[in-house]
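Notes to accompany the following structure.
The values are calculated or read from the model by the stated rules, or taken from the named source; none is laboratory data. Keep in mind that what you see is a predicted model, and the values were worked out from it rather than measured. All Cβ positions, glycine included, derive from the backbone under ideal geometry; neighbour counts span all protein chains shown. Remember, those area values only see protein heavy atoms, side chains included, never the ligands or the DNA or RNA. Shrake-Rupley method; radii C 1.70, N 1.55, O 1.52, S 1.80 Å.
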Amino acid sequence: MSLRILLVRHGLSSFNLEHRIQGRDDLSSLTEEGVKQALATGEALRDLSINAAYSSPLRRAHDTATALLAAQGGGLEASLDDDLREVDLAPWSGLLSSEVQERFPEAYRVWKQQPEQLQLERADGSSYAPIPELMEQARRFVDRLLARHNPDSVEAQTVLVVGHNAILRCLLLTLLGLPASGFRRLRLDNASLSVLNLSATGDRDVVVQIESLNGTTHLHPEVCGGWLPAKGAGPRLLLVRHGETDWNRQGRFQGQIDIPLNDNGRAQAAAAGTYLRKLTFQRAYTSSMSRPRQTAEGILSHHPGVPLTSVRDLVEIGHGQWEGCLESEIEDGWADLLAAWKQAPETVQMPDGETIHDVWDRSLRGWNTIAASLHSDETALVVAHDAVNKTILCGLLGLSAADIWAVKQGNGGVTVIDYPNGADQPPVVVCLNQTAHLGGVLDRTAAGAL
């Protein structure tokens with residue numbers, strides 16, 4: 001069946017509030033606001049059946065897990081696991097971030113720009129590399145977790161993991177098969193919720209899909225118009241998948257046939273517009289097809305005067321002879337090719353259509369052109385399609401064309417990308433596939449045909 005993993009970062013701690021380095025020392029505690037965040041996260045998960053829970057033994061994480069599970073109401077207690085402890089930054093522990101920057105300027109620069117290369121010194125004089133050590137720790141935890149909760153088991157399972165910023169990033173990288181160099185491409189806010197779906201293939205390999213990343217809307221239900229993590233320095237882009245079409249609902253491969261939104265798709269566009277109405281957009285871009293344009297127009301109804309530009313590079317993958325067909329019809333004529341599309345999409349040439357590499361090249365070209373055009377204080381909206389969005393996100397995360405099924409994009413889902421050091425430097429995936437505005441914290445939207 002499948003295994004769903006819920007990753008939750010601990011709530012706001014005393015050291016978070018004071019901007020102090022925490023590391024794995026147990027010197028900070030959960031603040032009153034952190035407790036509220038933990039309770040809100042548990043309440044948001046109340047309708048979900050959770051089979052097991054694991055937590056770092058450090059107080060700020062353990063207290064988060066305890067409050068969360070009490071609010072969730074399933075009667076679980078978290079098992080404490082030492083491999084969920086935070087990164088070891090012992091020489092800096094307890095110092096203000098500004099003090100570390102002042103006293104250790106070169107090491108702090110490496111920590112911020114290439115943390116996997118940081119070397120620190122232990123009390124006994126030996127040197128160590130905190131992030132590579134943490135990646136090994138994450139691998140141990142993942143191996144144990146999969147041994148206990150086999151994605152190939154008969155019954156679907158849901159597991160909660162409560163930890164810290166750095167260890168959860170390393171868990172994500174490990175599960176996705178990414179190197180430590182991707183550490184700074186991910187963002188995890190206090191009490192944020194990230195969801196991963198794991199399934200086993202016939203050859204016992206585990207397939208991982210990011211359903212959502214760094215969801216924080218559940219922490220601010222009182223905010224009219226939704227909530228997204230705050231923008232820092234550098235340009236920001238919001239990537240949205242178009243709303244539902246009748247062919248999405250029917251499971252037809254639509255590709256480059258210009259199918260418009262249905263009533264539910266228009267409602268999804270309106271919901272996304274309400275969710276994003278508090279933001280300020282300077283520019284907006286859409287695929288030249290009607291379904292993303294209609295979605296963009298629904299969002300921009302709250303932002304009069306923002307120019308909307310069509311970008312040919314963002315059109316959906318061309319399925320060729322598959323366009324307009326149900327999967328069952330494709331199965332009848334191209335069974336082997338359809339199986340390859342599901343298992344190794346990078347190997348497939350669509351009959352009279354495109355390859356995923358074709359889409360990769362043009363979608364990233366279009367995206368990078370947009371990003372490079374933005375000033376540091378600007379925010380842009382980009383509305384496109386499932387395969388286009390997936391190739392863009394795989395490229396930004398450091399994944400490959402073979403990994404497009406590792407990223408979920410629900411109809412009307414919102415993803416946020418920041419470029420804190422400029423568009424010519426690696427981006428940060430602030431949050432991915434946020435669908436709370438469509439009903440519920442977890443993504444309940446249908447996958448739909450491309």
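Taken across the range 56-66, residues that are farther than 16 Å from ASP189 by Cβ, in contact (Cβ under 8 Å) with a residue 12 or more places away in the chain, in contact with a helix residue (DSSP H, G or I) (Cβ under 9 Å, 6 or more places away or on another chain) and among the small types (Gly, Ala, Ser) do occur, with at least one present. Against the definition (touching a helix residue (DSSP H, G or I) at 6+ places or on another chain (Cβ under 6 Å), open to solvent by 50 Å² or more (accessible area, probe 1.4 Å) and not in a loop (DSSP other than H, G, I, E, B)), how does LEU39 come out, yes or no? Yes: the conditions hold for LEU39. For the range 182-201, does any single residue satisfy the condition of being aromatic (Phe, Trp, Tyr), over 19 Å from LEU145 (Cα atoms) and in contact (Cβ under 8 Å) with a residue 24 or more places away in the chain? Within the range 182-201 (the criterion being aromatic (Phe, Trp, Tyr), over 19 Å from LEU145 (Cα atoms) and in contact (Cβ under 8 Å) with a residue 24 or more places away in the chain), the answer is yes, since at least one residue qualifies. Scanning for something in contact with a strand residue (DSSP E or B) (Cβ under 9 Å, 6 or more places away or on another chain), modelled with pLDDT under 95 and on the phi < 0 side of the Ramachandran plot, does the range 158-178 turn up at least one residue? No - not one qualifying residue is present in the range 158-178. Taking the criterion of being part of a loop (DSSP other than H, G, I, E, B), open to solvent by 30 Å² or more (accessible area, probe 1.4 Å) and touching a helix residue (DSSP H, G or I) at 6+ places or on another chain (Cβ under 6 Å), the only residue of the range 401-423 that qualifies is ALA423. Report yes if HIS149 is in contact (Cβ under 8 Å) with a residue 60 or more places away in the chain and either touching a Ser or Thr at 6+ places or on another chain (Cβ under 8 Å) or within 30 Å of GLN349 (Cβ to Cβ) (or both), otherwise no. No, not satisfied. Applying the condition of being open to solvent by less than 10 Å² (accessible area, probe 1.4 Å), of a type outside the set (Val, Ile, Thr) and assigned to a helix (DSSP H, G or I) to the range 272-319 and asking which residue is farthest from VAL348 (Cα to Cα) yields GLY273.
Does the range 379-400 contain at least one residue that is open to solvent by 10 Å² or more (accessible area, probe 1.4 Å), polar (S, T, N, Q) and not in a strand (DSSP E or B)? For the range 379-400, residues open to solvent by 10 Å² or more (accessible area, probe 1.4 Å), polar (S, T, N, Q) and not in a strand (DSSP E or B): present. Per the listing ASP63, ASP47, the residue uniquely modelled with pLDDT under 95 and either under 25 Å from the mean Cα position of the chain (by Cα) or buried (at least 20 other Cβ atoms within 10 Å of the Cβ) (or both) is ASP47. Just a yes or no: is a residue in the range 329-339 open to solvent by less than 30 Å² (accessible area, probe 1.4 Å) and free of Cβ contacts under 8 Å to residues at least 60 places away in the same chain? Within the range 329-339 (the criterion being open to solvent by less than 30 Å² (accessible area, probe 1.4 Å) and free of Cβ contacts under 8 Å to residues at least 60 places away in the same chain), the answer is yes, since at least one residue qualifies. If you go through the range 67-98 and keep only what is open to solvent by 70 Å² or more (accessible area, probe 1.4 Å) and free of Cβ contacts under 8 Å to residues at least 40 places away in the same chain, you end up with ALA70, GLY75, GLU77, LEU80, ASP82. Taking the criterion of being open to solvent by 10 Å² or more (accessible area, probe 1.4 Å) and either touching a residue at least 40 places away in the same chain (Cβ under 8 Å) or under 26 Å from CYS394 (Cα atoms) (or both), the residues of the range 249-260 that qualify are ARG249, GLN250, GLY251, ARG252, PHE253, GLN256, ILE257, ASP258, ILE259. Taking the criterion of being out of contact with any helix residue (DSSP H, G or I) (no Cβ under 7 Å at 6 or more places or on another chain) and in a loop (DSSP other than H, G, I, E, B), the residues of the range 2-24 that qualify are SER2, ARG24. If only residues of the range 261-271 that are surrounded by fewer than 24 Cβ atoms within 10 Å (Cβ to Cβ) and not in a loop (DSSP other than H, G, I, E, B) are counted, the one that is farthest from the chain's Cα centre (by Cα) is ASP263.
Here THR216 passes the criteria (1) without any contact (Cβ under 8 Å) to a residue 60 or more places away in the chain; (2) farther than 23 Å from SER79 by Cβ except the one numbered (1).
In this entry, GLN157 is excluded by the filter for residues that are buried (at least 19 other Cβ atoms within 10 Å of the Cβ) and within 22 Å of ARG59 (Cα to Cα).
Can you spot a residue in the range 63-74 that is polar (S, T, N, Q), touching a strand residue (DSSP E or B) at 6+ places or on another chain (Cβ under 8 Å) and part of a loop (DSSP other than H, G, I, E, B)? The answer is no, given that none of the residues of the range 63-74 is polar (S, T, N, Q), touching a strand residue (DSSP E or B) at 6+ places or on another chain (Cβ under 8 Å) and part of a loop (DSSP other than H, G, I, E, B). Of everything in the range 108-122 that is polar (S, T, N, Q) and surrounded by 13 or more Cβ atoms within 10 Å (Cβ to Cβ), the residue that is farthest from GLN425 (Cα to Cα) is GLN117. Scanning the range 340-373 for residues that are out of contact with any helix residue (DSSP H, G or I) (no Cβ under 6 Å at 6 or more places or on another chain) and open to solvent by less than 30 Å² (accessible area, probe 1.4 Å) gives TRP341, ALA344, THR355, ILE370, ALA371. Here is the figure for the range 1-36: residues that are surrounded by fewer than 21 Cβ atoms within 10 Å (Cβ to Cβ), of a type in the set (Gly, Ala, Ser) and within 28 Å of ALA90 (Cβ to Cβ) total 2.
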